[in-house]
Amino acid sequence: MKTNHPAPARRSTVERLAIQPDLTRRLLVEFIRNETRKFGFNRVVLGVSGGIDSALSATLAAEALGPENVVALILPYKTSSPESEGHARLLIEQLGLPHDKIDITPMAEPLFEHYGEMSDLRRGNALARLRMVAVFDRSSAENALVLGTSNKTEYLLGYTTWYGDSAASIQPLGDLYKTQVRALSRAVGVPAPIIQKKPTADLWPGQTDEAEMGLQYDLVDQVLYLLVDERLDPERVVSMGFDRALVERVVRSVRNMQFKRMTPIIAKVGSRTPGIDFRYPRDWGH
């Protein structure tokens, strides 16, 4: 017989997911400033999509490094929503960021024409990776570090394009669940239209994150928090009132998507191998 105490259990989980906005803001601003300088850079570059994650990363970076040192790229494809670009420009104007618009359509079309019929997923992954081609190229031109925009929910569920939007040198939001990103965004003054709209990677017309995943961030974040941060057994989470099918699906996703959270595995042949027994910090010698 299923045990069901949804209201108190879920209220308690929501409370435990709550962050201290001022403290979290200070930690992430210092993280961006310190880690960027450890790499030997003073500037960062990122793709600004008009979504909440890139808006929060850009806002924190502007505070850490100064807005003049945060280069924002708008990277639309021909089917991208005009609203996305409008929201990106709203953020850029509010922060006063140097910026550029690079239409990736001419980059993508030869690939799409070569294959003809492609699923939305394949096309979306290609667009995400082409956007990062533009970002990394600009990072070289600007002598800037690539700033990431992926959050903890995306990392754990694998809802990220491998070597696409997950590619970056530093990821300030990687330990914040989506609901925590929203809370911090409100605290730091991300424009309200960006916070309030449905999350979307804008990979194809009408695409939204929650519809594509078939999951609601507010609910899945609670399950992830209990499984990952609280280290509870899945059966315990189910007994707290969460749907068994949801819990089992989240467990499978976290396990199956582990490969996306790892750097390439190197076969050990020599006496000292990068990433295995040769692990000097990235700022070694600086």
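I want to make sure I understand the PRE zone here: with the label point 7 angstrom from the Cα of Met262 toward its beta carbon, which residues in the range 224-253 have backbone N atoms less than 18 Å away?
Counting backbone N atoms under 18 Å from the label point, the list is 252-253.
Select from Ala62, His99, Pro110 the residue farthest towards the positive end of the dipole of the chain; place +1 on Cβ of Lys and Arg, -1 on Cβ of Asp and Glu, and compute about the Cα centre.
Of Ala62, His99, Pro110, it is Ala62.
Helix-only estimate, please: 222 nm mean residue ellipticity of the chain, summing -39500 (n - 2.57) across DSSP H runs of length 4 or more and dividing by its residues, to the nearest 500.
Numbers: 13 runs with 146 residues, N = 286.
-15500 deg cm²/dmol, from helical runs alone.
Keeping all protein chains in the complex and leaving out DNA, RNA and ligands, what accessible area do you get for Met257 with a 1.4 Å probe, in Å² to the nearest 10?
50 Å²
Which order do Lys268, Lys78 take when ranked by solvent-accessible area (1.4 Å probe, heavy atoms of all protein chains), largest first?
Descending order: Lys78, Lys268.
Please determine, in degrees from 0 to 90 and to the nearest 10, the orientation of helix 6-17 with respect to the longest principal axis defined by the Cα atoms of the chain, where the helix direction is its Cα long axis.
40 degrees
Compute the FRET efficiency between Glu68 and Arg26 as 1/(1 + (r/R0)^6), taking r as their Cβ-Cβ distance and R0 = 22 Å, and round to the nearest 0.05. Walk me through the intermediate numbers first.
Details: r = 21 Å, r/R0 = 0.98.
In this case the efficiency is close to 0.55.
With +1 on the Cβ of every Lys and Arg and -1 on the Cβ of every Asp and Glu, and nothing else charged, how large is the dipole of the chain about its Cα centre, in debye rounded to the nearest 20? Walk me through the numbers on the way to the answer.
Details: 36 positive and 35 negative charges, 162 e Å.
Computed about the Cα centre, the dipole is about 780 debye.
Could you check the spin-label model distance between Glu235 and Arg186? Points 7 Å from the Cα along Cα→Cβ, value in nm.
Going from the Glu235 label point to the Arg186 one covers 3.8 nm.
Note down the relative contact order for the chain as a percent, whole number, built from C-alpha pairs under 8 angstrom at least six residues apart.
Values: 407 pairs, mean separation 66.5, N = 286.
Worked out over the chain, it gives 23 percent.
What distance in nm lies between label points placed 7 Å from Cα along the C-beta direction at Val228 and Met118?
For the pair Val228/Met118, the computed spacing is 2.9 nm.
If you take the C-alpha gyration tensor of the chain, multiply each eigenvalue by 5 and take the square root, what semi-axes do you get, largest first, in whole Å?
Those come to 30, 24, 22 Å.
Between Ala18 and Thr105, what is the label-to-label distance in nm when each label sits 7 Å out along the Cα-to-Cβ direction?
4.8 nm
Angle check, please: helix 52-65 long axis (alpha carbons) against the longest principal axis of the chain (alpha carbons), in degrees 0 to 90, nearest 10.
Helix 52-65 and the main axis of the chain meet at about 60 degrees.
Between Arg272 and Ser140, how high is the FRET efficiency from 1/(1 + (r/R0)^6) when r is the Cβ-Cβ distance and R₀ = 35 Å? Nearest 0.05.
Once the sixth-power term is evaluated, E becomes 0.75.
Going by amide H atoms built from the backbone, whose H comes under 5 Å of the H on Ile170, apart from near neighbours?
Gly148
Is there a pair in Lys178/Lys260; Lys152/Lys268; Lys197/Lys260; Lys78/Lys197; Lys38/Lys268; Lys101/Lys178 whose C-alpha atoms are over 24 Å apart, and which pairs would that be? Don't skip to the answer; put the middle values down first.
Numbers: Lys178/Lys260 18 Å; Lys152/Lys268 30 Å; Lys197/Lys260 27 Å; Lys78/Lys197 21 Å; Lys38/Lys268 28 Å; Lys101/Lys178 27 Å.
Cα-Cα > 24 Å for Lys152/Lys268; Lys197/Lys260; Lys38/Lys268; Lys101/Lys178; rest within.
Which angle from 0 to 90°, rounded to the nearest 10, does the C-alpha axis of helix 178-188 make with the longest principal axis of the chain?
60 degrees
The values are calculated or read from the model by the stated rules, or taken from the named source; none is laboratory data. As the structure is a computational prediction, the values presented were derived from the model and not from experiment. Quick reminder, even Gly has a Cβ in these numbers, built from the backbone with ideal geometry, and neighbours come from all protein chains shown. Note: areas computed on protein heavy atoms with side chains; ligands, DNA, RNA excluded. Shrake-Rupley method; radii C 1.70, N 1.55, O 1.52, S 1.80 Å.
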